[in-house]
1. Take the residues of the stretch 129-145 that are open to solvent by 30 Å² or more (accessible area, probe 1.4 Å) and touching a strand residue (DSSP E or B) at 6+ places or on another chain (Cβ under 8 Å): which is nearest to Pro67 (Cα to Cα)?
2. Out of all the residues in the stretch 95-126, which are at pLDDT below 90 and on the phi > 0 side of the Ramachandran plot?
3. Given (1) closer than 15 Å to Ala144 by Cα; (2) without any contact (Cβ under 8 Å) to a residue 12 or more places away in the chain, identify the lone condition not met by Ser108.
4. Suppose we filter Arg8, Arg46, Arg15 for residues that are open to solvent by 10 Å² or more (accessible area, probe 1.4 Å), at pLDDT below 85 and either part of a strand (DSSP E or B) or over 17 Å from Thr92 (Cα atoms) (or both); which single one remains?
5. Taking only the stretch 59-91 into account, find how many residues are surrounded by fewer than 18 Cβ atoms within 10 Å (Cβ to Cβ) and either in contact with a helix residue (DSSP H, G or I) (Cβ under 8 Å, 6 or more places away or on another chain) or assigned to a strand (DSSP E or B) (or both).
6. Could you check, for the stretch 102-111, whether at least one of its residues is open to solvent by less than 10 Å² (accessible area, probe 1.4 Å), closer than 16 Å to Val49 by Cβ and part of a loop (DSSP other than H, G, I, E, B)?
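The values are calculated or read from the model by the stated rules, or taken from the named source; none is laboratory data. For clarity, every value in this text was computed on a predicted model and none was experimentally measured. Here Cβ is always computed from backbone atoms with ideal geometry, including for glycine, and neighbour counts include all displayed protein chains. Side chains included, ligands, DNA and RNA excluded: accessible areas come from the protein's heavy atoms. Shrake-Rupley method; radii C 1.70, N 1.55, O 1.52, S 1.80 Å.
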Amino acid sequence: SERTMELRRMRLGLRLETLGELTVIRTAMNEVTLMKLSPPNTLRLRVEVDQVLLDEFEADGLIIASPTGSNRFNKKFGGPLVSPGLECIIITPVAMRRMTPFIVSPRSQITVSLKEGSNSAYVEFDGNYVGTLDKDGRLGVSAADFFLEELVDKKDSEIKMLSSMKNH
């Protein structure tokens, strides 16, 4: 109809590989979150994008978000607010001052591992526990092979949606 438009929302695919356990594969609409299990210790993280080192750092956690997921948990920890119709992946450290958030291509393959001496971390997708990452495991995140497609009223443009999300 002339009053509606199609909005394609990108989803994330995650793959959690742990030594001695089966690989867990899931799809997330909003974000994949890696958080420390035991305060006050921080995680010692290594983040690679397309097999190239992005950074190594200590933090309380890491959020890897889709544009749809950029408006809640990601935004709370200083990540950018991204229009839900864009295709990109947002990488935001939690409670860490040195690394700034990054936005990477939806074709990127992100790999997160724990450096020697780091405590284990729990992994969630869209707020649901999926497993634990330890020093011998790896977390892989990339764009999922499929999108969520929905019809929206043209008066609810992406800019209007983005403007309303900034206050949440």
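1. My answer is Asp145.
2. Ala95, Gly117
3. For Ser108, the failing item is (2).
4. Arg8
5. 3
6. Yes; the residues of the stretch 102-111 include at least one that is open to solvent by less than 10 Å² (accessible area, probe 1.4 Å), closer than 16 Å to Val49 by Cβ and part of a loop (DSSP other than H, G, I, E, B).
Residues are listed down the side, and each one gets a yes or a no for (1) in contact (Cβ under 8 Å) with a residue 60 or more places away in the chain; (2) more than 13 Å from Leu133 (Cβ to Cβ); (3) open to solvent by 40 Å² or more (accessible area, probe 1.4 Å):
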| position | (1), (2), (3) |
| --- | --- |
| Glu31 | yes, yes, no |
| Lys36 | yes, no, yes |
| Val52 | no, yes, yes |
| Glu56 | no, yes, yes |
